[in-house]
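K.L.:
The following block contains the structure, expressed as structure tokens.
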Amino acid sequence: MTDLDITKKKDVKQAIEKRAFDLFPIYRSEVECASRSDIEKIQLEKLKKQVRYTYDNVKYYRDLMDEMGVCPDDIKTLDDIRLLPFTDKEVLRETFPYGLFAVPMDDIIELHASSGTTGQPIVVGYTRADMDMWSECIARLVQMAGVVPTDIAQMAFGYGMFTGGFGLHYGLQRLGCAMIPAGSGNTERHIKMIEDYGTTVLIATPSYAMHICEVGESMGYDWASSPLRVGLFGGEPCPPSLKAEIESRMHIVCTDNYGLTEVVGPGVSGECLAHRDQQHIAEDHFLWEVVDPDTGEAVADGEVGELVLTPLDKEGIPVLRYRTHDLTRVTTEPCECGRTMARMNKVRSRCDDMLIIRGTNVFPSQIEDVLSTIDEVTPHYHIIVRTVNGMDSLTVQTEIRPEAFSDSFEEMTALQRSIEEKLKGVLLVGAKVELIEPGGIERTMGKAKHVSDERAR
């Protein structure tokens, strides 16, 4: 089979089903297959330089490290990173806009920022070298998903200040793909472009990809015969049930990637075709730690904790020990795909996602997992928390599949009570279930909002 052959939908699907990862040998770079000791040597050399660079060029870190009695020369091993201060989102907000920049604006060629909907936006700047590193990381992760230079990629992320659109755009172009900068919105137009231009790769949030699928089906579009074969998803978690549904209905391979604005944007890690529930971290560019979210101390190897990232190459805005608030576990065992870079479990929960309902800790991912076992409902749901008569009240709105919808009050009541019982068995707290008619939960072109906490603060 030639490299051009594997761009065909059926060939890639068959490769994954047969676990024939040797179809993609030329798309594994040397560093991705390096020994553990070689990876750690690269990391330590870069960490020493990055700490010195940050200390010399960012007053905020220099003052804080001086106050802590830590200097760059104290970094002699990778474990010495624990001597350095943590950074969180509030630091970037307090130093808005350029307080953490290490270079003058003359050296910055691009700015990106968070939306700022929950406060002061997070602003990051990129030098030319930063952009090269970013696009390299993206090119790697899309190759893990089976994307090849001959692919035609259609962007359904918004562009603007959001890092996802431009990040994936630059990386795919670096690989050699033709880019269709469609942007978000106008779903019918997206479907027409897929057919007209022979799009083979779709970049979107998983919730918007599901919406594109549904709109196409309502138009009578035959996804099985479309040229589309790979979905690159990001911007929000993609639960296994949603991924499986999109793959089944659109007849494509869906992969996740992970990143965040504060450290680079997308490109920190990506899913290979061997372990669909994990993502390889670009360890030569990001030093990872997993810590107890309450104490900040390192957890045991392989244990779940909060992911902490230190970019090892950032020039524009270097960040030390950034607390992501994302919960995961990491393994350094070599992967069947041939890569030796560490793998993180896909992020399903965040420290700050946790809801405390009448003294009980509840994560949205727990509710998601329960709903995924119920054949009668779609992956679309919404969680509402209110205060009723001075007590927390949890409501889960879940959308019924068309084939399961019934005019029978008794049937719908039985389904509702069955879901409530399953939720209580997992959450250990009661939840009221509202069954929503097919198509009744709002679709979004960006990140899906699954939780509304309406309690008085």
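The values are calculated or read from the model by the stated rules, or taken from the named source; none is laboratory data. Being a predicted model, the structure only gives us computed values, none of them experimental. Positions of Cβ are generated from backbone atoms using ideal geometry, with glycine treated the same way; all protein chains shown enter the neighbour counts. For accessibility, only protein heavy atoms count, side chains too; no ligands or nucleic acids. Shrake-Rupley method; radii C 1.70, N 1.55, O 1.52, S 1.80 Å.
K.L.:
Using only the Cα atoms of the range 276-332, build the gyration tensor, take square roots of its eigenvalues as a ≥ b ≥ c, and label the shape rounded, prolate or oblate: rounded if a/c is under 1.5, else prolate if a/b is larger than b/c, else oblate.
P.N.:
Judged from the Cα gyration tensor, the range 276-332 comes out oblate (a/c at least 1.5, b/c at or above a/b).
K.L.:
Determine the percent antiparallel among the DSSP beta bridges restricted to the chain, to the nearest 5.
P.N.:
65 percent
K.L.:
Quick one: if you stick a label point 7 Å off each Cα along the C-beta vector at VAL304 and ASP38, how many nm between them?
P.N.:
So the two model labels end up 3.5 nm from each other.
K.L.:
Hey, what D do you get for the range 90-232 in µm²/s if you plug the Kirkwood alpha-carbon radius into Stokes-Einstein at 4 °C and 1.567 mPa s?
P.N.:
Here the translational diffusion coefficient equals 78 µm²/s.
K.L.:
Quick one: plug the Kirkwood hydrodynamic radius of the chain (C-alpha pairs) into Stokes-Einstein at 20 °C, 1.002 mPa s, and report D in µm²/s.
P.N.:
92 µm²/s
K.L.:
First compute the accessible area of the range 399-457 with a 1.4 Å probe, then give the percent of it belonging to carbon and sulfur atoms.
P.N.:
The nonpolar share, carbon plus sulfur, comes to 50 percent.
K.L.:
Would you please name the GluC sites (Glu not before Pro) within the range 316-397 that are DSSP coil residues with at most 13 other C-beta atoms within 10 Å of their C-beta?
P.N.:
Those that pass, being in a loop and sparsely packed, are GLU336.
K.L.:
If you place +1 on the Cβ of every Lys and Arg, -1 on the Cβ of every Asp and Glu, and leave all else neutral, what size is the dipole of the range 334-382 about its Cα centre, to the nearest 20 Debye?
P.N.:
Using only the charged Cβ atoms, the result is roughly 320 debye.
K.L.:
Which one, MET193, ILE122, GLN43, projects farthest toward the positive side of the charge dipole computed for the chain from Cβ point charges (K/R +1, D/E -1)?
P.N.:
About the Cα centre, the residue reaching furthest to the positive side is MET193.
K.L.:
Might you report the magnitude of the Cβ-based charge dipole of the range 95-142 about its Cα centre, with Lys and Arg at +1 and Asp and Glu at -1, to the nearest 20 debye?
P.N.:
180 debye
K.L.:
Output the DSSP H helices from the chain with an along-axis C-alpha extent of no less than 20 Å and a mean Kyte-Doolittle hydropathy no less than -1.0.
P.N.:
Passing helices, by number: 128-144, 409-427.
K.L.:
Right, next: Accessible area per residue, 1.4 Å probe, Å², for the chain: what's the number?
P.N.:
Computed with neighbouring chains in place, this is 43 Å² per residue.
K.L.:
Under a point spin-label approximation (7 Å from Cα along Cα-to-Cβ), what is the LYS192-ASN57 distance to one decimal in nm?
P.N.:
Simple spin-label model gives 4.7 nm for this pair.
K.L.:
Sequence-distant or interchain residues sharing an amide H contact under 5 Å with TYR322, placed H: which?
P.N.:
Here THR87, LEU309, THR310 satisfy the definition.
K.L.:
Could you state the orientation-averaged shadow area of the convex hull built on the Cα atoms of the range 234-334, in nm² to one decimal?
P.N.:
Taking the Cα atoms of the range 234-334, their convex hull projects to 7.3 nm² on average.
K.L.:
Quick check on the chain: helices-only [θ] at 222 nm, where DSSP H runs of length 4 and up contribute -39,500 (n - 2.57) each and the sum goes over total residues. Nearest 500, please.
P.N.:
Only helices count here, giving -9500 deg cm²/dmol.
K.L.:
Taking every pair of alpha-carbon atoms in the range 310-425, give the share separated by more than 25 Å as a whole percent.
P.N.:
Result: 48 percent of Cα pairs exceed 25 Å.
K.L.:
Of the options TYR208, LEU320, LEU100, report the single residue whose Cα projects farthest towards the positive end of the charge dipole of the chain (beta-carbon charges: Lys, Arg +1; Asp, Glu -1).
P.N.:
Checked the options; the winner is TYR208.
K.L.:
Report the charge-dipole magnitude of the range 345-456 in Debye, nearest 20, computed about the Cα centre from +1 at each Lys and Arg Cβ and -1 at each Asp and Glu Cβ.
P.N.:
580 debye
K.L.:
Now for a separate question. Considering only ALA34, LEU394, VAL433, whose Cα is most displaced toward the positive end of the charge dipole of the chain, charges sitting on Cβ of Lys, Arg (+1) and Asp, Glu (-1)?
P.N.:
The residue sitting most towards the positive pole is ALA34.
K.L.:
Given 0.36 nm per residue, what is the gain on full extension from THR387 to CYS71 after removing their alpha carbon distance, in nm?
P.N.:
Full extension of this stretch gives 108.8 nm more.
K.L.:
So between GLN173 and SER225, what do we pick up on full extension, going 0.36 nm a residue minus the alpha carbon distance?
P.N.:
Fully extending the segment from GLN173 to SER225 adds 16.1 nm.
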